[in-house]
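All remarks here apply to the structure that follows.
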Amino acid sequence: MSEKVYDVLIIGAGPAGYTAAIYAARASLKTIMIAGDSPGGQLLLTSEVENFPGFKDGIMGPELMDEMKAQAVRFGTEMRTDFVTKVVLEGEIKKAWVGNDEYQAKTVIISTGASANWLGLENETRLMGKGISACATCDGFFFTDKHVVVVGGGDSAMEEALTLAKFASKVTIVHRRDEFRASKIMQQRVKDHEKIDIIWNSAVVDVLGDDFVSGVKLKDTNTDKETQFDCEGLFVAIGHTPATKLFADILPTNEKGYLEINHDTSTKIPGVFAAGDVADARYRQAITAAGEGCKAALEAEHYIESKV
Ligand code: NAP
């Protein structure tokens, strides 16, 4: 536990949190980041990041996060790898707890991100880790020469399918509508790939298999007809849920559960800012999260100056 009052307390360590830490610490603000148990956020689950400016040949997600962390620490950010369990955000001095350890700060930047959604099927839970995954980068290797199904129609589903196609003998994307919402370039890569095929207008309504996935039950979303489809793995890529539980009843959220913030990243509580996927249902990119983290740190600095 620390007795001191920090200038900036950052909760969550993805691109938004790290960028906020870099800016705050470099501005000589006493900065602490409480990073959760896997600092780096969703980019730890990403393979190559091709669209983060400055890396013309791309960079691996975990490597990008390591670099951001090192940069934040270089300017003096204190790091704690743990979960914040409680916050009190009203008032001049904000408080956050990790268990019994209390931290105090003049400003708080929330950058807790978002995590993968699941289908919510009983057998999905039962077979989790036994042929079911939400991370092709992490688990794709285990499906070498196997036939896998990917559920979803967004960029994540395209990315999962393309990653899996490096290992699997065949990848089938199952999508509930007759068009993808993914970006055109990702759609085209998927459609051009010889190992990937697509089943349109179908929902996965059950996962089959005793000890390991052996297939899925599909339901035609137009006719309700159910069929069994053999496969040896299921990757779920159906979007994300923002990590806002800690702030329930404290900060307003929109209809999708994302924190509501102003253009300058401020929340309704003075001195409390939010950045990155926790407040962004639309863009959800590493670069937009980093940009918001930068804004939040600059606004925190202005807020502290305004109180002097
Ligand atoms: P998303 O864009 O929200 O797409 C989720 C997909 O899952 C949609 O196709 C949706 O179907 C489907 N879905 C949702 N709930 C479902 C359910 N219960 N059963 C079956 N299907 C379901 O999420 P995302 O793909 O994770 O992408 C999130 C954001 O990150 C996007 O802005 C995306 O552009 C970005 N992203 C970018 C990259 C990249 O640039 N390399 C990579 C990954 C993600 P409907 O279409 O019918 O709603």
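Read-outs throughout are calculated quantities, based only on the coordinates presented, and are distinct from any laboratory measurement. As the structure is a computational prediction, the values presented were derived from the model and not from experiment. Please note: Cβ atoms are built from the backbone with ideal geometry, for glycine as well, and neighbour counts cover all protein chains shown.
Structural remarks
- Residue pairs, from the table LYS166/LYS245; LYS56/LYS166; LYS170/LYS219; LYS56/LYS184; LYS4/LYS307; LYS95/LYS268, whose Cα atoms sit over 26 Å apart: LYS166/LYS245
- ³J(HN,Hα) computed for each position of the stretch 268-276 - Karplus, 6.51 cos²θ - 1.76 cosθ + 1.60, integer Hz, glycine/proline x: 6, 9, x, x, 10, 10, 9, 8, x
- Between helix 61-74 and the chain: long-axis angle, C-alpha atoms, 0 to 90°, nearest 10: 10 degrees
- Among 275-281, 208-214, sorting by the average number of other beta carbon atoms lying within 10 angstrom of each residue, highest first, gives 275-281, 208-214.
- The trypsin sites (Lys or Arg not before Pro) of the stretch 220-273 meeting both criteria, a DSSP state outside H, G, I, E and B (loop) and at most 13 other C-beta atoms within 10 angstrom of the site's C-beta, are LYS225, LYS256, LYS268.
- Volume in Å³ per residue [convex hull over Cα atoms, computed for the chain]: 143 Å³
- Under the combined filter of DSSP loop state and at most 11 neighbouring Cβ atoms within 10 Å, the stretch 198-281 retains these GluC sites (Glu not before Pro): GLU255.
- Each Lys and Arg contributes +1 and each Asp and Glu -1, all at the Cβ; summed about the Cα centre of the chain, the dipole is approximately 460 debye.
- Of all beta bridges that DSSP places with both ends in the chain, some 45 percent have antiparallel geometry.
- Separation in nanometres of the label points that stand 7 Å from Cα toward Cβ, at TYR283 and THR221: 2.8 nm
- Sequence-distant residues sharing a close amide H with ILE173 (under 5 Å, placed H): VAL150, ASP197, ILE198, ILE199
- Loop-located trypsin sites (Lys or Arg not before Pro) across the stretch 4-56 with a Cβ neighbour count of 12 or fewer within 10 Å are LYS4, LYS56, with loop assigned by DSSP.
- ASP206 long-range amide H proximity, modeled H, under 5 Å: LYS217
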